[in-house]
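These notes are about the structure you will find just below.
The values are calculated or read from the model by the stated rules, or taken from the named source; none is laboratory data. Remember, predicted model here, so these are calculated numbers, not experimental data. Glycine gets a Cβ as well: all are built from the backbone with ideal geometry, and neighbour counts include every protein chain shown. The protein model used for the area step is the full one, side chains on, heavy atoms only, and it has no ligands, DNA or RNA in it. Shrake-Rupley method; radii C 1.70, N 1.55, O 1.52, S 1.80 Å.
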Amino acid sequence: MYAAAHVHFINGLDNVVFDDFTRRLNAAGASKYIQSLKEMYVDFMVREPNVFTLDDPGKFLRLFNKDISKDRAHIDRELDDMAKQLLCLCVTLGENPLIRYHRPLDVPGTINRNIPWHLAKLVQNELDNFCKVNPEFPPPRDPPLPRGTLVILDRTIDPVAPFLHEFTYQAMLADLLQTEDTSAGIKYAYEYTQEDGTSKETEIVLNEQDTVFTSIRHMHIASTTEQLIDDFNKFVEENKGSSGGQSSVRSLNDMKNVIANLPQFQEMKTKFSAHMAIASDCMTEFTKQNLEAIGLIEQNMACNETPDGHAPKHLVDELIPILDDPYTSQMIKTRLIMLWISASETIDTEQLELLLAHARLDQEYKDAIDNLSLLGVQLSKSASRFGQKATKKERKKKDNIVNPNDVPFDLSRYVPVVKRVVEGHMTNTVDQSLFPLLRMPEPENQKTDASSSRKQHHQLRVYKTQWHKKSTGTTTSKPPSGPPVIIFVAGGITWSEARSAYELAASMDREVYIGSTHIISPDNFVRSLGNLDKPLPPAKSFVPHYDGASSQASSHSGNHGTAASRNKLLKKW
């Protein structure tokens, strides 16, 4: 049917699997038709310029499930898969990073799976094996920079962030609106006003091609509406001759009326119309769900501080009227109780029973609350100070060096633990006992000797698929002030944590990438927690599991004879 074939693997092949694959090709007489065979090392998803995922939401259940998580062999298989995917990320970025990981303190009565430590060792092994086969890796940087760092954490690092209502644009629409998370971007259906005044529903996909979205996604919703109005007025002013002399708008309703009279600017009309609808829908839900009052209580619990700097004294009394309110959804009640548990240093069982009595939750929500202990919430207490709001003195000092959009509102005071940990790493103030390096960096003279020895070898594989360096046709930006930082959180990241990568990159003038098994929304996270004590659903497999080489000796990637013959074949193909 075909004259030849080009075979590309998204990940690296195990030597045993590669040998068996070659044997089968030769036995079938098909090897002569293989024109090229490449390992691409692209087994991950790029969500945004600074954000990646392993595209595996089920990993959370398989890592933290009540019964299966006790099976060490099961956990090792899951971590091994992640390690191979993280190797792909490092290869794509051209980095052989140092690895820093979270080593939580052992607290009686909690579960300590040591996921970051086990994963760190597996990733280091993958990197070491790759560098043996590819002596010229990593490629030199111009200008030269020290080795980057991969910071490995898991979802237990911050049990607070997933339950908070976020009021930045991207996080808010993902939390409050009925969106669909697709590989192309965030899909949302909205109504817009046509030229004849009638309404029509349409869909938009929010991604990097939408310049309006990328300019406002990390803004607080209050700033978002102001920015949309300013940008729209600027657009109308620049096209005054073609826009019929429209005057400036002052509100989203004004924008709605003016947009209907601009049929000639279809592309920009669609974008502004969509984001106007999204911002309006977000504010409608904000009012409908009483989030001004709820958000303030959430922030007081998460920060253990009121906006004026005092410790909150009557949190339970403030929660009870909200839990009693029949218009407060069971999901919001559950999030509030789970946030109260996660943020409290000690849990008064009588107070918890009181909150649950007022909330009157269905069993599925009670299960989610019970399963919070499966995350080993106490494990994060030792690191919680990294997520607390800065003192007044620290805030005053930081005003000169931190983006003013970082924490500008009373409803957005909490800073994720992930951000504080990485900030500590970048400023050399991180607690080395809690976040140690897996392997200390080599002395400079050894690194020089190693780099010179690399030049004596030929490059064996192709690994320069670098999404982060894709040309945009603009002028070259200045080089970063330090080595890159890659953050990986096993078990999911929130949109607030994803935003942290951009904030750190801007404030520290560094390349900062953040990723996880998947991106979580608060409601989906609660549902996932509720399933942690349930049997796992059967895995969906599109390709039968490969077991053709399972009986062979574990010669794996350490067999130098196998690796040598493999490299010859790769060169040939």
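Looking only at the range 291-303, decide whether some residue is among the small types (Gly, Ala, Ser), surrounded by fewer than 17 Cβ atoms within 10 Å (Cβ to Cβ), assigned to a helix (DSSP H, G or I) and modelled with pLDDT of 90 or more. There is at least one residue in the range 291-303 that is among the small types (Gly, Ala, Ser), surrounded by fewer than 17 Cβ atoms within 10 Å (Cβ to Cβ), assigned to a helix (DSSP H, G or I) and modelled with pLDDT of 90 or more. Looking across the range 181-198, the residues that are farther than 19 Å from residue 519 by Cβ and open to solvent by 80 Å² or more (accessible area, probe 1.4 Å) come down to 191, 195, 196. Among the conditions (1) at pLDDT below 70; (2) open to solvent by less than 50 Å² (accessible area, probe 1.4 Å), residue 264 misses just one, which is (2). Looking only at residues that are without any contact (Cβ under 8 Å) to a residue 60 or more places away in the chain and not aliphatic (A, V, I, L, M) in the range 167-194, which one is farthest from residue 51 (Cα to Cα)? The residue in question is 178. Quick check: anything in the range 279-289 modelled with pLDDT under 70 and not in a helix (DSSP H, G or I)? Within the range 279-289, none of the residues are modelled with pLDDT under 70 and not in a helix (DSSP H, G or I). Which of the residues belonging to the range 155-213 are of a type in the set (S, T, N, Q) and part of a loop (DSSP other than H, G, I, E, B)? 178, 183, 194, 198, 207, 209, listed by residue number. When residue 495 is tested against (1) under 19 Å from residue 149 (Cα atoms); (2) modelled with pLDDT of 95 or more, exactly one condition is not met: (1). Applying the selection to the range 117-137, what residues are farther than 23 Å from residue 105 by Cα, part of a helix (DSSP H, G or I) and of a type in the set (D, E, K, R)? Correct list: 126, 128, 132.
Might you let me know whether the range 470-478 holds any residue that is open to solvent by less than 10 Å² (accessible area, probe 1.4 Å) and either among the small types (Gly, Ala, Ser) or at pLDDT below 95 (or both)? Spell out how you get there, then give the answer.
If we filter the range 470-478 for residues that are open to solvent by less than 10 Å² (accessible area, probe 1.4 Å), which is where we start, we get none.
No; the residues of the range 470-478 include none that is open to solvent by less than 10 Å² (accessible area, probe 1.4 Å) and either among the small types (Gly, Ala, Ser) or at pLDDT below 95 (or both).
Close contacts from the range 70-84, counting a first residue that is within 14 Å of residue 125 (Cβ to Cβ) and a second that is part of a helix (DSSP H, G or I) and open to solvent by 20 Å² or more (accessible area, probe 1.4 Å), with Cβ to Cβ under 7 Å and a gap of 6+ residues or different chains, come to 79/118; 79/122; 80/122; 83/122; 83/126; 84/126.
Does the range 162-173 hold any residues that are of a type outside the set (Phe, Trp, Tyr) and open to solvent by less than 20 Å² (accessible area, probe 1.4 Å), and which are they?
Quick first cut of the range 162-173, residues of a type outside the set (Phe, Trp, Tyr) only: 162, 164-166, 168, 170-173.
Matches in the range 162-173: 162, 164, 165, 168, 170, 171, 172, 173.
On inspection, residue 339 passes the criterion of being under 24 Å from residue 218 (Cα atoms), modelled with pLDDT of 95 or more and either of a type outside the set (Phe, Trp, Tyr) or over 25 Å from the mean Cα position of the chain (by Cα) (or both).
Taken together, the residues in the range 134-159 that are surrounded by fewer than 24 Cβ atoms within 10 Å (Cβ to Cβ), hydrophobic (A, V, I, L, M, F, W, C) and touching a helix residue (DSSP H, G or I) at 6+ places or on another chain (Cβ under 7 Å) amount to 1.
To keep it simple, each residue is scored yes or no on (1) more than 17 Å from residue 105 (Cβ to Cβ); (2) open to solvent by less than 60 Å² (accessible area, probe 1.4 Å); (3) modelled with pLDDT of 90 or more.
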residue: 343; (1), (2), (3): yes, yes, yes
residue: 348; (1), (2), (3): yes, no, no
residue: 365; (1), (2), (3): yes, yes, yes
residue: 369; (1), (2), (3): yes, yes, yes
residue: 374; (1), (2), (3): yes, yes, no
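Is it fair to say residue 258 is open to solvent by less than 90 Å² (accessible area, probe 1.4 Å), farther than 16 Å from residue 202 by Cβ, part of a loop (DSSP other than H, G, I, E, B) and modelled with pLDDT of 65 or more? Taking the combined requirement at face value, the residue does not satisfy it. A residue that is over 27 Å from residue 409 (Cα atoms), under 16 Å from the mean Cα position of the chain (by Cα) and not hydroxyl-bearing (Ser, Thr, Tyr) occurs somewhere in the range 185-204.
State whether one or more residues within the range 2-25 are touching a strand residue (DSSP E or B) at 6+ places or on another chain (Cβ under 8 Å), buried (at least 19 other Cβ atoms within 10 Å of the Cβ) and not acidic (Asp, Glu).
yes
Could you say whether any residue in the range 81-104 is under 18 Å from residue 10 (Cβ atoms), open to solvent by 50 Å² or more (accessible area, probe 1.4 Å) and modelled with pLDDT of 90 or more?
First pass over the range 81-104, keeping only residues under 18 Å from residue 10 (Cβ atoms): 81-94.
Going one step further and asking which of them are open to solvent by 50 Å² or more (accessible area, probe 1.4 Å), we end up with 81, 84.
Among the residues that remain, those that are also modelled with pLDDT of 90 or more are: 81, 84.
So far as the range 81-104 goes, yes, one or more of its residues are under 18 Å from residue 10 (Cβ atoms), open to solvent by 50 Å² or more (accessible area, probe 1.4 Å) and modelled with pLDDT of 90 or more.
Just to check your reading of the model, which residue among 22, 53, 92 is β-branched (Val, Ile, Thr) and under 21 Å from residue 524 (Cα atoms)? Result: 53 is the single residue among 22, 53, 92 that is β-branched (Val, Ile, Thr) and under 21 Å from residue 524 (Cα atoms). Residue count for the range 52-78, restricted to those that are touching a strand residue (DSSP E or B) at 6+ places or on another chain (Cβ under 6 Å) and open to solvent by less than 20 Å² (accessible area, probe 1.4 Å): 2. Among residues that are small (Gly, Ala, Ser) and farther than 25 Å from residue 414 by Cα, residue 357 is included.
Evaluating residue 120 against the criteria (1) open to solvent by 20 Å² or more (accessible area, probe 1.4 Å); (2) closer than 24 Å to residue 520 by Cα leaves one unmet condition, (1).
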